[in-house]
Structure formats: C-alpha cells, structure tokens
1. Of all residues in the stretch 53-90 being surrounded by fewer than 18 Cβ atoms within 10 Å (Cβ to Cβ) and charged (D, E, K, R), which is nearest to SER128 (Cα to Cα)?
2. Scan the stretch 11-23 and report the pairs whose first residue is of a type in the set (D, E, K, R) and whose second residue is exposed (fewer than 10 other Cβ atoms within 10 Å of the Cβ) and not in a loop (DSSP other than H, G, I, E, B), with Cβ atoms within less than 9 Å and a gap of 6+ or a chain change.
3. Quick check on the stretch 113-125: of everything there that is more than 16 Å from HIS53 (Cα to Cα) and touching a helix residue (DSSP H, G or I) at 6+ places or on another chain (Cβ under 8 Å), which residue is nearest to the ligand (Cβ to nearest atom)?
4. When you look at ALA62, is it within 10 Å of the ligand (Cβ to nearest atom) and assigned by TED's automatic domain parsing to the domain that holds ASP139, yes or no?
5. Can you go through SER90, SER113, SER126, SER85 and tell me which one is modelled with pLDDT under 95, more than 21 Å from PHE184 (Cα to Cα) and either in contact with a strand residue (DSSP E or B) (Cβ under 6 Å, 6 or more places away or on another chain) or not β-branched (Val, Ile, Thr) (or both)?
6. Can you tell me which of GLU150, GLU132, GLU160 is exposed (fewer than 14 other Cβ atoms within 10 Å of the Cβ) and either of a type in the set (Asp, Glu) or under 10 Å from the mean Cα position of the chain (by Cα) (or both)?
Amino acid sequence: MAQVSGCDIEVIGSTTDKDHIAVSTIEQLLPLRKKEYRSVELISSDNLNPDQHNLIEAAIAAADTAYNPYSGYFVGAAVLTRSGSVFAASNVENAAYGSTICAERMAIGKANSSGARDIIAIAISSRSDSFEKNEVTSDPCGTCRQVIYEMAQVSGCDIEVIMSDKSKDNIAIKSIEQLLPYAFGPTQLHIDIAKGNP
Ligand code: THU
C-alpha cells in the first residue's frame, strides 16, 4: 500500500499495555534495494566463490522451468545446504493468483522434503521476456523473506541471499537479517524450534 499511497507507511508496534512501543517505517522493516542504490551495491561475478557461482547458475537454469502463464515472469531459486547439497526450483503460478508459489519457497520445500534443512545460502534469478532489459536483480518478496528467515532459525546461520540477473552483470548479496530486520520468528511465540516437531 506504500506504493499506492506514495508514502513510506509508518508502522507502530505496541504491547497491549503500551509499555513497549516501537515506531518504524515499512521501508525499514522490508528494505528494498532502490534503483538508484543498485549500482553501488553490485558485485562482479569475478568476485564470487565457486559455491556462489554454482548456486547462481543453478538458479538461472531453474528459472527456465517456471510455470508462468499469467505473469510471464521467470524466477529460479537454488538453496545451498551446509553439507554442500543444492536444491533448485522455479515459480509455479495458478489461475487463482494467490495460490501461486514463488521459486524461493519451492526450492526450500524441495530441500526440506529431501531431508535437508541446514540452509546457508539461496540464489535467486529472474527475467521476463517482455522486459526490454533484464538487468534487474531479484529481491525476494516479503513472504519468501519470512520463509528464508524461518530456515535461518533452523540452520542457525544468517542465510546469504544472492540476487542475480540472467547475464550475471548485476549481482547483489545481502543476508536475510538485512532483508528482513526485526523479523517475526519463533521467539515471539516462545517456541524452541530446537525441540523439533511436536
Ligand atoms: N515470484 C517469485 O517466484 N519470487 C519472488 O520473490 C517474487 C515473485 C514470482 C511469483 C509469480 O509467479 C511471479 O513472480 C510474478 O509475481
């Protein structure tokens, strides 16, 4: 709604007794890498380590498998586990638009259903054939940031989020805590996830 109103919406969080109140803006809570910042944040593909390079390649390849008849937007994501396994997937759309699943969550689900939860990095790459240029790197949506954050609690690692365009000319790397500061997590629910499933 901040895009609609043209206003960086103020978010006021309070305990019911109003003893603890925090005021932020939505851009602080869900940082977007604005176009004008992008050029200074980009890193050269020459500076990637082999794991980062392979992960980006897996994400770029996965994007081609997108099921996207509604948006024509191709997104690929690949997760890396601590033991070195890679799981890649793409976005799967639906006529009921809200039932669409993003590439990031598909890749995390694939890892989880293969018994791999120890995620330390995720690469994301997107493109659209209808865009004149495909130079934009792929910032994960808010829902995917939340799901990546959950997996960071599981692995005990501030998951590295590697965002790249198809050409690898525009690569940016952030951690999930940078992309989703003040996240809602298991501690808010007083749940110890180390105890495992109930
Ligand atoms: N999409 C993703 O796969 N990941 C994101 O983080 C943002 C959006 C997909 C969902 C939908 O298929 C298309 O991109 C357009 O929103």
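The values are calculated or read from the model by the stated rules, or taken from the named source; none is laboratory data. On a predicted model such as this, the values are computed, not experimentally measured, just so you know. Glycine also receives a Cβ, built like all others from the backbone with ideal geometry; neighbour counts cover every protein chain displayed.
1. Filtering first and then ranking leaves ASP64.
2. none
3. Kept after step one, since they are more than 16 Å from HIS53 (Cα to Cα), are these residues of the stretch 113-125: 113-119.
From what's left, touching a helix residue (DSSP H, G or I) at 6+ places or on another chain (Cβ under 8 Å): 117-119.
Working: ARG117: 20, ASP118: 22, ILE119: 16 Å.
That would be ILE119.
4. So ALA62 fails the test.
5. After applying the criteria, what remains is SER126.
6. Values: GLU150 fails: exposed (fewer than 14 other Cβ atoms within 10 Å of the Cβ); GLU160 fails: exposed (fewer than 14 other Cβ atoms within 10 Å of the Cβ).
So the residue among GLU150, GLU132, GLU160 that is exposed (fewer than 14 other Cβ atoms within 10 Å of the Cβ) and either of a type in the set (Asp, Glu) or under 10 Å from the mean Cα position of the chain (by Cα) (or both) is GLU132.
Conditions tested, residue by residue: (1) aromatic (Phe, Trp, Tyr); (2) away from the ligand (no atom under 15 Å from the Cβ); (3) in the same structural domain as LYS168 (by TED's automatic domain parsing).
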| residue | (1), (2), (3) |
| --- | --- |
| THR25 | no, yes, no |
| SER45 | no, yes, yes |
| ASN91 | no, no, yes |
| SER99 | no, no, yes |
| ALA107 | no, no, yes |
